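Here's the structure we're looking at; comments come further down.
The values are calculated or read from the model by the stated rules, or taken from the named source; none is laboratory data. Note that the structure is predicted; figures quoted are calculated from it, not measured. So basically every Cβ, Gly included, is an ideal-geometry build from the backbone, and we count neighbours across all protein chains shown.
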Amino acid sequence: MNDLGPEYVAARRVLLDALAALGDHRDSLILVGAQAVYHHTGDADLNVPLMTTDADLAIDVAGLADAPELGGALRGAGFTPGPNPGHWVAASDVAVDLMVVPHQAGTTKASARAARLAPHEKLTARIAPGLEPALIDNEVITIISFEADDARTFDLRVAGPAALLVAKVIKISERLDQADKQPDRLKEKDALDAFRLLQAVETDVLADGLRVHLDDEHASSATAKAIEQVRHHGASPDSRLAVLASEAASGDPTVPPAFAALVTDLLGSL
């Protein structure tokens, strides 16, 4: 743990703060994002340190209780709402993002960004397409601190590697669509996280997870879209995902062909 970046250590501390504050709701939370990716991959044999500056939690609204009110619980723990729905910032300026999948968002308005989780605060969580597989593809893991003087541990559902791959690919594909108008939203690190998953997790394990998603009413469309996107943007060394992952790895020339080969193997397994 000593070689972890300070940003990642701080992000884990703030995740634990949020889990402590939301104790009565922890059964409805699922860890997604980079911290979940790193749980499955470790450093994945890359010369790129594990680094994230926040924590991402999906809310499974199906079991969410009305009380305690989510926003009040977070405010009581020192978090303040940020400029965007679901973005909660700790006193250390490290954030936790709370997200809800569209079919649980309480609204069908196409322009809506915030989920409607009444009686919880209106801007408590943002709507995040692509996380649907995480609701059915997860396992309970004990989350620990990366600091010797912090003995806190919490049992929390963590999204499976196939669910995280779908989420990453959906996120990147949305930003590729916006890249011409908002190039700053396209993050190379998301592609590198996808590569970490492809590299560290057995192809058959990823394929089995994707098949489970495809049999689910709500997860199937997100997973089918992710498969098509990775086929289109990741199956050759000069594809956008492979190049982005290489850029995040300081231009490592071995990444694009490895990325493409792993994608080709995964598509072949499906």
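None of Thr108, Thr153, Thr124, Thr142 is of a type in the set (Val, Ile, Thr), at pLDDT below 95 and either in contact with a strand residue (DSSP E or B) (Cβ under 8 Å, 6 or more places away or on another chain) or under 23 Å from Ile170 (Cβ atoms) (or both) except Thr108.
It is to be established whether one or more residues within the range 49-57 are out of contact with any Gly (no Cβ under 6 Å at 6 or more places or on another chain) and either assigned to a helix (DSSP H, G or I) or touching a residue at least 60 places away in the same chain (Cβ under 8 Å) (or both). No, the range 49-57 contains no residue that is out of contact with any Gly (no Cβ under 6 Å at 6 or more places or on another chain) and either assigned to a helix (DSSP H, G or I) or touching a residue at least 60 places away in the same chain (Cβ under 8 Å) (or both).
Pick from the range 91-150 the residues that are out of contact with any Gly (no Cβ under 8 Å at 6 or more places or on another chain), acidic (Asp, Glu) and in contact (Cβ under 8 Å) with a residue 40 or more places away in the chain: which of them is surrounded by the fewest Cβ atoms within 10 Å (Cβ to Cβ)? Here the answer is Asp150.
Filter the range 248-266 down to the residues that are in contact (Cβ under 8 Å) with a residue 12 or more places away in the chain and either β-branched (Val, Ile, Thr) or surrounded by 16 or more Cβ atoms within 10 Å (Cβ to Cβ) (or both) and list them by number. Ala248, Ala249, Asp252, Val255, Pro256, Ala258, Phe259, Ala260, Leu262, Val263, Thr264, Leu266 - these are the residues of the range 248-266 that are in contact (Cβ under 8 Å) with a residue 12 or more places away in the chain and either β-branched (Val, Ile, Thr) or surrounded by 16 or more Cβ atoms within 10 Å (Cβ to Cβ) (or both). Applying the condition of being in contact with a helix residue (DSSP H, G or I) (Cβ under 9 Å, 6 or more places away or on another chain) and of a type outside the set (A, V, I, L, M) to the range 40-49 and asking which residue is surrounded by the fewest Cβ atoms within 10 Å (Cβ to Cβ) yields Asp45. Among the residues of the range 90-113, those identified as hydrophobic (A, V, I, L, M, F, W, C) and farther than 15 Å from Leu131 by Cα are Ala90, Ala91, Val94, Ala95, Val96, Ala110, Ala112. Scanning the range 50-79 for residues that are surrounded by fewer than 19 Cβ atoms within 10 Å (Cβ to Cβ) and under 17 Å from Ile143 (Cβ atoms) yields a total of 1.
A search for C-beta distances below 7 Å between a residue of the range 206-218 that is assigned to a helix (DSSP H, G or I) and any residue that is at pLDDT below 95, counting only pairs 6+ apart in sequence or on different chains, returns Ala207/Leu270; Leu210/Leu270.
Evaluating Asp93 against the criteria (1) in a loop (DSSP other than H, G, I, E, B); (2) in contact with a His (Cβ under 7 Å, 6 or more places away or on another chain) leaves one unmet condition, (2).
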